[in-house]
Structure formats: C-alpha cells, structure tokens
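Every read-out reported here was derived from the displayed coordinates using simple, explicitly stated rules and does not represent laboratory data. Here the structure is a predicted model, which is why all the values come from computation and not from measurement. Note: ideal-geometry Cβ built from the backbone for every residue, glycine included; neighbour counts use all protein chains shown.
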Amino acid sequence: MSDIGLPPVSERVRALHARMTLDEKLAQLVGYWVDQGDEVVAPMAGEMVTSTRYEDAVAHGIGHLTRVYGTRPVEPVERAAWLWGEQRRLREETRLGIPALVHEECLTGLAAWKAATFPTPLAWGASFDPALVEEVGRLIGGSMRELGIHQGLAPVLDVIRDPRWGRVDECISEDPYVVGTIGTAYVRGLQDAGIHATLKHFAGYSASQAGRNHAPVHAGPRELADVLLPPFEMAIRDGGVRSVMNSYAEIDGVPVAASEELLTEVLRERWGFDGVVVSDYFSVAFLHTMHAVAADLGEAAALALAAGIDVELPTGDAFAEPLAAAVREGRVEEALIDRAVLRVLAEKEELGLLDERFAEPPTEIDLDSPAHRELARRLAGESVVLLANDGLLPLGPRAGARIAVVGPNADSSEALMGCYSFVNHVLAHHPEVPLGIELPSLADALRTELPDAAIEVVTGCDVEGADESGIPAAAATAAGADVAIVVVGDRAGLFGRGTVGEGNDVDDLELPGVQRRLVEAVVATGTPTVLVVLSGRPYAIGWALDGRSAPAAVLQAFFPGEEGGAAIAEILSGRAAPSGRLPVSLPRSAGAQPFSYLHPILGGPSEITSADSTPALPFGHGLTYTTFERAALRAPAESPTGAAFTVSVEVRNTGDRAGVDVVQLYARDVYASVTRPVAQLVGYARVELEPGAGASVEFAVPSARLAFTDRRGVRIVEPGDIELWVGASCDVRETEATIRLTGAVHEVTAADGRLVGVTVSDAVRA
C-alpha cells in the first residue's frame, strides 16, 4: 500500500471502504453546489464552479451538498422535502447507499431565508460573554439539525491584526485568549446540538499584507505560534471541534492549502485533531490558478491531499476528474485518497448518516422563534460599547421631546447585519424577495422605545459616495430638535458591494463617504448629539471623542443583528445599560496599522519616532451608566512554572444604578528571553452588581497562559517576575500585584492538558 498512515476507524467503516471503487472514493471527497447560479457569494465562484451535471456528479454518491438552504431564498419546508427525498435516493439508488453531508454557513445564525440573524462575531467579542455565545450556538445548531444540516462553517478564529481587512466583522477580537474562549464556547453550543463546527480559517489569514484579502502573510514563526494558532488549539483541545477549514493565505511563500507542516504536523500530530479538514471554497484549485505552485488541477489536488485536506469544497474542481486522472496515470498514490475517505466515512458514521433512514421531513419549522429573538436581543445588548458620554445618556423617556434621528444607517435594516447574514450575503441579489424576518431599524425601534417623543428621520447622506447635498437639511432638522441621534457606519457586502465584508478591504479608516461631515454639521448646530456607529470594523473616530467636533456621547455597535435596533434603543433610553467592551483597539489612523495592544515595548510610542501608534481608545475600554471600583488584587508571592495560580480582586459598584463590570485581569512578563507584550489579558469575567454592592472575583490562571515560543521554537513558561493588574482597560492599572514564577523552564506539551489552552469553564466566581 504505502507508509501513509491511515486513521483508526470502526470495522464498519473499514469494511465499507474496502468495497469502494476509485470513483466512489473520490465522490466522497467533494461537494456539489446544487443551486449555484450567477450570484457572487464566494470568491471567484463564477470562474471556478464545475459545469458537471448534478445527476452525473452524484452517480457514485457525494461527500457534501453545498449550501442547500443558503445559496438562494428557498422556502425552508419545501427545501427540506427536496433534501429528504434526495437523501433517500442516495441511500436507495446508489451502490453503496451513503447519504450526503449537508453544510451551511452559520456565522451570524443559519444563513437561510427566514432564519434568525444574530450579532456578528465582533459583537460576540464585545460582549465578553462566552456562556451566552454558547447558548446562541446551541440554538443555531438546533435549527440546522431540524433542517437536515450536519456541518456549520463557523466559527472564525482569525485574530484581528489590521482593521483595514474587510473580514474583521467575522472575527471575534484582537486578543487570542478572547477569540479562543468565545470561539470554543460557540463550538460547544453548536456541537451540543449535533452539528459539527468548522474552525476558520486555519491559519494566518487575518495577518495579510496591508489588510488585503488573499494577500501574502509575512508572520514569523513566533507570531504564528503565540498569537494566531492558540485559538485553534483551544477549540480543538478544549472544545473537541470536529472540522477545520484551511486558510487561503500563503505564509512566507507556502500556501496553507499545501502546508503539511500546518495541516498535519501541527493540527493532527501535535494537537491530536482527529476530525476532517475541508478546503475553503476553491482553495485547492487556487494552488494552480492563484498561487502557481501546481501546474494543473491534478497536481493541486495531490498537494492538498498530501498536506492534509480531506474534502474539496464547494465542488470537485480538483478532487474529481483531475485527481482521478492523476491516480490512473500513477502521479498520485491512492493511499492518500484512502486516508481522506476513511476520515470522511468516520465523520458520517459519527453524525449518524450511515444509519439514517430519512423517513419524513419537517412539515413546519420556526427558524426565528421568540427564543431566537430573545437570545439575539440579549447578545446585541451586551455587545454595545459606550465609548464616550458627557452625561447626555441615558436620555430617559423624553416625553414631548423633539428627537432628530439622522444618518444613512438611521432607518436601514441592512445596516444591522454582517457580511455573512443571509440578508446582505444573498438577498442583496434578490431585491424582489422580502427579508423573511422582522428586522426593525434603529429609527423603528426608537419610535417604539420613546412613544411620547416626536421623532423625525433624515438621511443626510449615503453610506458611500461624495454627495453632500442632503447635509444642510439634516443639520436644519437637528437644529430644531432637543436631541440629535446621528447613525453612521458601514454597509456589509462582498467584493466591492458595500464598505466592509469579504473582499471589501480599505486603505483609509475614516468613516466611509461624507459621513464625518454629516456628524460635524449636526454637532455644529449646538443640539446635544449622540453618535451611534453601526459598523463591521473599528474606525478612526478620535475626532468624535474629544474637541469641537465631538458629540456628547458615542455608542459603538458591531453589526448587532435582527434585535440590534431594539437593543440600542433600550440603551439610549436608559431602560438597559451598556456593558460591552472594545474587543479591538479603536485605531488612531490607517497609517498606524497594523497595531495590536499585544505589542512589545518597541511597538508603542517612544521618543525616537515622531509617529504615534497609540489607539484613540484602548482594548477593553467601555463605559457604563454607573461607576466601578476595583481594589485589593491578591496573588500568591510565588507559583511553579508548570502549575496554575489563583488571583482575586474586589469589585464594587460605586454608582447609583445597577450595572455590569467586565473585570479584566492583565499580565506582563517583566523580563524574558524574547520580547514580550507590555500587556496581555489572562482572565475576564462579567459581574453584575446593584448600587453599593461588591463582590470578590477569583480567577484560576494556568501558568501556560503566559507561555511563549522560545528561540528554539518550543513553547515554554520561564521563571521570573510577572506584573498583574486589573483596570477598566488594558491601559489602566487600577489595582496591581506581582507574582514570581519559580523553578525550571517548563516546556508546554500535550501532557499539560488544560494548561495548554483555556476553557470557558475556568474558575471565575463573583
């Protein structure tokens, strides 16, 4: 056969595999995009999709059915009837009777018509609430399971490195610990419902040159190991994820889709991942067409298989006929195919597909139930970040008040939704089709929230473009009002359709179009003004936080989903209080990028350069309608390098209303053998307190959370002094302590178990 290692599988799977012809094996390694038409819902889809007829493609069975519900607006119950019938046909009319695995996008909820849309992942990060994200994942997974779906292409665990990158709204945070804990929570929720989660995009994708999609990545091995890989390791070791999707990136000249080092040595041999690796859409073919490391599609298939990709999505451009020809010509060992097929069959067995009889499909289903909307409202509310407030907020009931609601996003439902929401991802191509879900804009929600106020809505300008002709009318409306609420930001879309989203990268972090001029014109009227930013990336709005152009209050909401308008309206009125924190630094300028709060000393401001990369607001910043005091941080004087230690802090609500504090524990390795960040988050917890109430918050911190890659390329924990502090952001040291790690240098290995990563069930109590 070969010395290619074959995965351990059940006797049933091995017996099934032994009966398979080459054509039947290859059929299990590809997807088929049944509904793909002219819509551009994936990169270069129009150029790459195979022209093979469906009947021919599934003659020997099929591995995946691609986006059965998520490519066009289809009635879910009708589509389910088709799917059940097709699965029965595959079971009864193909020689081996193996059903297809159905996958869908589920980044902001199931991406299907009439399905609930939750806040975008950047909002998950702003909530700092893994437990709530786990609930959301479980509910999304339940909807998917009802529709006969088996695998979800989420979560995205790319660590934000540059906000100019268009896919920032799909990411959780610039901090790998936050990405890992919240991403792992989503994995657990989805998989508890019986859906296999798929980690994206392994690895390095977000570190692209100049924040450009599909651009080369120049990350060194230490940045890769210490920043970009840990969230994936956490979701594998602590979350038990069953699927991983490769990144489109090339890292130092090696495309990830052809990297045996990443897809086999790191993923499987080092971390013990035993699931299935699926290709990002068309990434196998890209080895030939975009990376030029393969002379043809057959060679591209060989490189991807050898590296560790098991399934080509969304179709069989390379793994079907080109790979079959390469095997028959002796250019590819069939053992490589056997390895992948065994993994795919094992996954189908695990999902119950080898036992499924597909009796009757659902005859009714509610994909946007009150339970969906309640969780969507909770997560949206927790994710709103109050950036600045001079006392104008909360507005209160404002009986009889005249309120001007101004801006291109004020009365836009689409402005609440991320790039991978069905509304912006698919329905944008079908303007004749209704949204399918209730999606009140912020203006709609304010009318409901403040029924006794006189609300007048004026657009003022578009999200994009240079037309300023509507600004004078908007300013006049604001001048005649008691309060002005200016709603600006992004419109999510793909590949040039919109201002943020996949393929919508920028070289300027100013608000798109003439929106800044609109804000300045309204503020200049003297009317007390609230700025609300609905966006998929943080913008350079330092001008709105201080100075003559600054509104009285600024709220940041990262695409808060279907209940986002209502959640923001409740916070503006004061019926709810803001509790979100910035999961990514608010940038000073595009020229200061890339920037991360996890920078070493030389990555910050200094007297030897006139350029200042200090962000307008730091990671972790967020105001509330009350005040909190953090004091008495306690840590042991010493702890071994290979163990965990416990840290506690006292938190008190010193204001006059209830509120939530996101308690943030930071650390700094004072002296190390390689440069270390000036601040690193090692623990966080949401704590709700009544006025005057206090709590003792305790963190269990594995020392391996402070691990780094040494000069040999080994992950270690070194002995030495560690500074610890708790404050309102990474930059605020409100209460401090020091701990000394003692003993020998500790090499972090798989034997450390939980110490390798972090679980969302770490001991945190209030």
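Considering only C-alpha atoms, what is the centroid distance from region 544-586 to region 671-711, in Å?
Cα centroid of region 544-586 versus Cα centroid of region 671-711: 26 Å apart.
Using Cα centres only, tell me the gap between region 72-112 and region 592-652 in whole Å.
Region 72-112 and region 592-652 have Cα centres separated by 48 Å.
Once the Cβ-Cβ distance between Arg575 and Glu629 is put in as r, and R0 is 25 Å, what FRET efficiency do you end up with, to the nearest 0.05?
On the way: r = 25 Å, r/R0 = 1.01.
Taking R0 as 25 Å, the efficiency between Arg575 and Glu629 is 0.50.
Of the listed values (1) -1.04, -1.09, -1.22; (2) -0.90, -1.04, -1.33; (3) -0.82, -1.00, -1.39, grab the one calculated as log10 I(q)/I(0) by the Debye sum over Cα atoms at q = 0.09, 0.10, 0.12 Å⁻¹ from the structure here.
Read-out taken from this structure: (3).
Taking only DSSP H segments of four or more residues, each worth -39500 (n - 2.57), what value at 222 nm results for the chain once the sum is divided by all its residues, to the nearest 500 deg cm²/dmol?
-7000 deg cm²/dmol
If you restrict to DSSP beta bridges whose two residues both lie in region 382-596, what percentage is antiparallel, to the nearest 5?
Around 15 percent of the beta bridges assigned by DSSP in region 382-596 are antiparallel ones.
I'd like the distance between the alpha-carbon centres of region 433-479 and region 482-537, rounded to an integer number of Å.
With region 433-479 and region 482-537 each reduced to a Cα centre, they are spaced 13 Å.
Please report, in debye to the nearest 20, how large the charge dipole of region 382-596 is about its Cα centre when each Lys and Arg carries +1 at its beta carbon and each Asp and Glu carries -1 there. Mind dumping the intermediate values first?
On the way: 12 positive and 26 negative charges, 106 e Å.
Here region 382-596 has a charge dipole of around 500 debye.
Give the residues of region 644-675 whose amide nitrogen is closer than 11 Å to a point set 7 Å from the Cα of Ser696 in the direction of its Cβ.
648-650
Using the Cα centre of region 157-306 as origin and beta-carbon charges of +1 (Lys, Arg) and -1 (Asp, Glu), tell me which of Tyr177, Gln191, Asn213 is placed farthest towards the positive end of the dipole.
The residue sitting most towards the positive pole is Gln191.
Output needed for region 382-596: three equivalent-ellipsoid semi-axes, defined as square roots of 5 times the C-alpha gyration tensor eigenvalues, in descending order, whole Å.
Working through the eigenvalues yields semi-axes of 24, 21, 17 Å.
Counting DSSP beta bridges with both partners in region 177-292, what percentage is antiparallel, nearest 5?
Details: 3 of 10 bridges.
About 30 percent, rounded to the nearest 5.
Any idea how far apart Thr21 and Ser469 come out in nm if each label point goes 7 Å out from Cα toward Cβ?
Distance between label points: 6.7 nm.
Treat each spin label as a single point 7 Å out from the Cα along the C-beta direction, and report the Gln209 to His430 distance in nm.
3.9 nm
Restricting to Cα pairs below 8 Å that are 6+ residues apart, what does the relative contact order work out to for region 420-507? Please round to a whole percent.
Relative contact order comes out at 17 percent.
What share of the DSSP beta bridges in the chain is antiparallel, in percent to the nearest 5?
55 percent
Checking a compactness column here: for region 563-657, what do you get for Rg(Cα) / (2.2 N^0.38 Å), N being the number of residues?
Relative to the 2.2 N^0.38 Å estimate, region 563-657 comes out at 1.52.
Toward the positive end of the charge dipole of the chain, about the Cα centre and with charges on Cβ (Lys, Arg +1; Asp, Glu -1), which of Ala203, Ala380, His429 goes farthest?
Ala380
Charges only on Cβ, +1 for Lys and Arg, -1 for Asp and Glu: so what's the dipole of region 628-765 about the Cα centre, in debye to the nearest 20?
340 debye
If you add up the charges near Trp165, with Lys and Arg at +1 and Asp and Glu at -1, over every other residue whose beta carbon is less than 15 angstrom from its beta carbon, what do you get?
Net of charged neighbours comes to -4.
Starting from 0.36 nm per residue, how many nanometres of slack lie between Ala658 and Ser10 once their C-alpha separation is accounted for?
Working it through step by step, the gained length comes to 227.8 nm.
Which of Ala123, Gly720, Thr459 sits closest to the plus end of the dipole of the chain, meaning its Cα is farthest towards the positive end, when Lys and Arg get +1 and Asp and Glu get -1 on the C-beta?
Value computed over the given set: Gly720.
Going Cα to Cα from Lys200, which lysines come in below 21 Å? Please leave out same-chain ones fewer than 8 positions away.
Partners found: Lys348.
Would you mind counting up the charge near Pro408? Only other residues with Cβ under 14 Å from its Cβ, with Lys and Arg at +1 and Asp and Glu at -1.
Working: positive: Arg491, Arg516, Arg517; negative: Asp411, Glu414, Asp462, Glu464, Asp467, Glu468, Asp490.
Local net charge: -4.
State to the nearest 20 debye the size of the charge dipole of the chain about its Cα centre, where the only charges are +1 on K and R beta carbons and -1 on D and E beta carbons.
1040 debye
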